[in-house]
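A short write-up of the structure that comes next.
The values are calculated or read from the model by the stated rules, or taken from the named source; none is laboratory data. Owing to the predicted nature of the structure, the values given are computational and were not obtained by experimental measurement. Here the Cβ positions follow ideal geometry from the backbone for every residue, glycine too, while neighbour counts run over all protein chains shown. These area figures cover heavy atoms from the full protein model, side chains too; ligands, DNA and RNA do not enter into them. Shrake-Rupley method; radii C 1.70, N 1.55, O 1.52, S 1.80 Å.
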Amino acid sequence: MKVRLNLATNPLQTHRKFLAVSGLIGAVAWIIFLALAGHVYSVRRSNAALRARANGVRQEMVGLMRQRDELENFFKEERNARLNERSTFLNSLIDEQSLNWTQMFMDLEKILPSGVRLVSIEPAHEKGQVHVKLLVGAISDEAKLKFLRALESSPAFKGVEEISEKPTEPQPGSGDLDRVQIQLAVVYVRS
């Protein structure tokens, strides 16, 4: 026979509720800890990859700077400097020959009004552009102004600048009827 006897001064209390809640909080804390640990691991791994890539770029930059220094020293040598000057001279000759004279005269023909004639033309290559000096003769000021307006509005020429203008006496026997000669500087765009 069993007798149920409670000799305690306080009634029996179970801590089951406390243990369940603290166990649940511990499990949630453990899950959060694992998630944070995974995040820290992925961040450290990506930082390591970024540092490795930056180090590779830095090494490549050092190699390229060393190569540039070697090339600069190579081109500073006397025989290579002379070769560079010669190639620059030859390139300037090629640039001068690359001017399309036919196209330039066709563009001038389109804008040249009656009463104006082209006396001389001097092209020069400067910094990749074709600068042209024109000497133009005109019968009247009206023809001269018409030519200047046409030249300024032409897509083939830009930067029209008048260098000089001088009146001339027409000479009927020679076919020279110009009353004014204008010297202009323009940039030919279609070269």
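Summary of computed values
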quantity: Kirkwood hydrodynamic radius of the chain, from inverse mean 1/r over distinct Cα pairs, in Å; calculated: 26.0 Å
quantity: 41, 188, ranked by accessible area, largest first (probe 1.4 Å); calculated: 41, 188
quantity: Potential extension, residue 77-residue 24 segment - 0.36 nm per residue separation minus Cα distance; calculated: 11.1 nm
quantity: Among 68, 51, 82, residue whose mean-square fluctuation peaks in a GNM of the chain (springs only between Cα atoms under 10 Å); calculated: 51
quantity: Top of 37, 143, 52 by mean-square fluctuation, Gaussian network on the chain, Cα under 10 Å; calculated: 37
quantity: Span from the segment 118-188 Cα centroid across to the segment 53-98 one, whole angstrom; calculated: 42 Å
quantity: Surface share of carbon and sulfur [accessible, 1.4 angstrom probe, percent] for the chain; calculated: 58 percent
quantity: 25 °C / 0.890 mPa s Stokes-Einstein diffusion coefficient of segment 65-127, Kirkwood radius on C-alpha pairs, µm²/s; calculated: 158 µm²/s
quantity: GNM top mover of 31, 94, 111 - the chain, alpha-carbon springs below 10 Å; calculated: 31
quantity: Rel. contact order, % - alpha carbon contacts under 8 angstrom, at least six apart, the chain; calculated: 16 percent
quantity: Pair residue 59, residue 164: separation of 7 Å Cα→Cβ label points (nm); calculated: 6.7 nm
quantity: Sites residue 133 and residue 100 - FRET efficiency at Förster radius 22 Å, r taken between beta-carbons, to 0.05; calculated: 0.80
quantity: Distant alpha-carbon pairs in segment 44-100 (separation over 15 angstrom), percent; calculated: 70 percent
quantity: Accessible area expressed per residue, the chain, with surrounding protein chains retained (probe 1.4 Å, Å²); calculated: 81 Å²
quantity: Within straight-line cross-link reach of residue 146, lysines at Cα separation under 24 Å, skipping those fewer than 8 residues along the same chain; calculated: 110, 133, 158, 166
quantity: Accessible area, probe 1.4 Å, largest first, for residues 42, 98, 154; calculated: 98, 42, 154
